[in-house]
Amino acid sequence: MNEIQGFLDRPDGARLAWRKVEGAGPTVVWLGGFKSDMAGTKAQALADWALAAGRAYVRFDYFGHGESSGEFRDGTITRWREDAIAVLDELTVGPLVLVGSSMGGWISCLAAIAMPQRVKAMLLIAPAPDFTEKLMAPEIPPQGRADLERDGVWLRPSEYGEPYPITRQLLEDGARWSILGGEPIPIAAPVRILQGGEDPDVPWRHALELAQTLKGQDVVFTLIKDGDHRLSRPQDLARMIAAVEELSA
């Protein structure tokens, strides 16, 4: 068994890079984080698991991420949600287990709301729903706000490399897809959440609010007290694989 790869053509000419392992279902789908890509440690660990276990698995890069076309700064939550739904519609069949990391946790929730008949379960790792509004916007310094007002973009420093371009369009669009702070989130499928207690990007209370807002009752929140945002240590990867196996059973 091996992993195949290709590009999914979008109506506007953009191309989304993907990789796929054919195997037994349900299909596990990786949804990555903000400015991350499908070559990351967790996505690769799931590919290795799928190949070894003979399980169906798909990973992809959103518009403006990794091997996909487009400029990152032109992306929005609307765009990345549409990318995810297109991948699910065109590259998978049957029931799905979504594995969403950070922003991918938000995108996973939006996809599950859009296609409840197919999403059978979700594993969310340091999920960051509403991050544009609730986590990012409050931390923009005065100079960043001035940059956004003047140029429509702020270059946000990052611990993970080059500064991230944060656009006014991203912030305004993100507010359209808010799922916290109102009605219960209409997701009834089983959900497992892995969250680091030492996460500098997504406070554990933010992820816990998501767990408490989900409509379904089969929700398990696991706090990894010494865990960071990436949760990519060997013990973290083992927890991730165990949760995927449980949800896929």
Restricted to the range 239-249 and to residues being of a type in the set (G, A, S) and not in a loop (DSSP other than H, G, I, E, B), the residue nearest to L123 (Cα to Cα) is A243
Among (1) surrounded by fewer than 13 Cβ atoms within 10 Å (Cβ to Cβ); (2) of a type in the set (A, V, I, L, M); (3) over 23 Å from A121 (Cα atoms), there is one condition I166 misses while meeting the rest; what is its number? (1)
Report whether or not D236 is part of a helix (DSSP H, G or I), surrounded by 18 or more Cβ atoms within 10 Å (Cβ to Cβ) and in contact with a Gly (Cβ under 8 Å, 6 or more places away or on another chain). yes
Is it the case that some residue within the range 41-48 is under 24 Å from D173 (Cα atoms), over 15 Å from the mean Cα position of the chain (by Cα) and without any contact (Cβ under 8 Å) to a residue 24 or more places away in the chain? no
Pull up the range 96-132, narrow it to residues that are of a type in the set (G, A, S) and assigned to a helix (DSSP H, G or I), then point me to the one that is farthest from D226 (Cα to Cα). A114
Quick one: would you say D218 is in contact (Cβ under 8 Å) with a residue 24 or more places away in the chain and under 17 Å from the mean Cα position of the chain (by Cα)? no
If I filter the range 225-246 for residues that are farther than 23 Å from T27 by Cα and β-branched (V, I, T), do I get at least one hit? no
Would a scan of the range 191-211 turn up a residue that is more than 23 Å from K225 (Cβ to Cβ) and in contact with a helix residue (DSSP H, G or I) (Cβ under 9 Å, 6 or more places away or on another chain)? no
Can you find even one residue in the range 75-82 that is closer than 28 Å to D226 by Cα and in contact with a helix residue (DSSP H, G or I) (Cβ under 7 Å, 6 or more places away or on another chain)? no
Would the range 126-145 turn up any residue that is among the hydroxyl-bearing types (S, T, Y), surrounded by 19 or more Cβ atoms within 10 Å (Cβ to Cβ), modelled with pLDDT of 95 or more and closer than 30 Å to L247 by Cα? yes
Looking at the range 184-226 only, could you name the residues that are part of a loop (DSSP other than H, G, I, E, B) and touching a Cys at 6+ places or on another chain (Cβ under 9 Å)? I187
Which numbered condition trips up R145, out of (1) part of a helix (DSSP H, G or I); (2) among the basic types (K, R); (3) in contact (Cβ under 8 Å) with a residue 12 or more places away in the chain? (3)
Consider the range 175-213. How many of its residues are of a type outside the set (D, E), under 26 Å from S248 (Cβ atoms) and touching a residue at least 60 places away in the same chain (Cβ under 8 Å)? 16
Which residues, taken from the range 29-57, are out of contact with any Ser or Thr (no Cβ under 6 Å at 6 or more places or on another chain), of a type in the set (A, V, I, L, M) and under 18 Å from L8 (Cβ atoms)? V29, M38, A39, A43, A47
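The values are calculated or read from the model by the stated rules, or taken from the named source; none is laboratory data. Note that the structure is predicted; figures quoted are calculated from it, not measured. Note: ideal-geometry Cβ built from the backbone for every residue, glycine included; neighbour counts use all protein chains shown.
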